[in-house]
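The values are calculated or read from the model by the stated rules, or taken from the named source; none is laboratory data. Computed from a predicted structure; not experimentally measured. Cβ sites come from the backbone with ideal geometry, for glycine too, and all protein chains shown count toward neighbours.
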């Protein structure tokens, strides 16, 4: 699914949580299922950069740490 404002777990939980703890860092980019999807997510979430894929994000000199955020389902 990727990061989609108002629709994804990342948008409603992870990005706000990361921003609430952001005294020592900033969110500088997002990689999604496609560059277009990343650009849309970056625009609506106020993230400065969008990357075509995770490899491009990791290779960026502006990125020091990568967080992969997923929703963990409740146990059955």
Go through 58, 65, 54, 44 for me and flag whichever is more than 12 Å from residue 3 (Cβ to Cβ), exposed (fewer than 14 other Cβ atoms within 10 Å of the Cβ) and touching a residue at least 24 places away in the same chain (Cβ under 8 Å).
65
Cβ-Cβ distance below 7 Å, separation of 6 or more or different chains: which pairs start in the stretch 22-35 with a residue that is within 13 Å of residue 66 (Cβ to Cβ) and end on one that is part of a loop (DSSP other than H, G, I, E, B) and modelled with pLDDT under 85?
30/3
Is it true that some residue in the stretch 14-24 is at pLDDT below 80, surrounded by 12 or more Cβ atoms within 10 Å (Cβ to Cβ) and out of contact with any helix residue (DSSP H, G or I) (no Cβ under 6 Å at 6 or more places or on another chain)?
yes
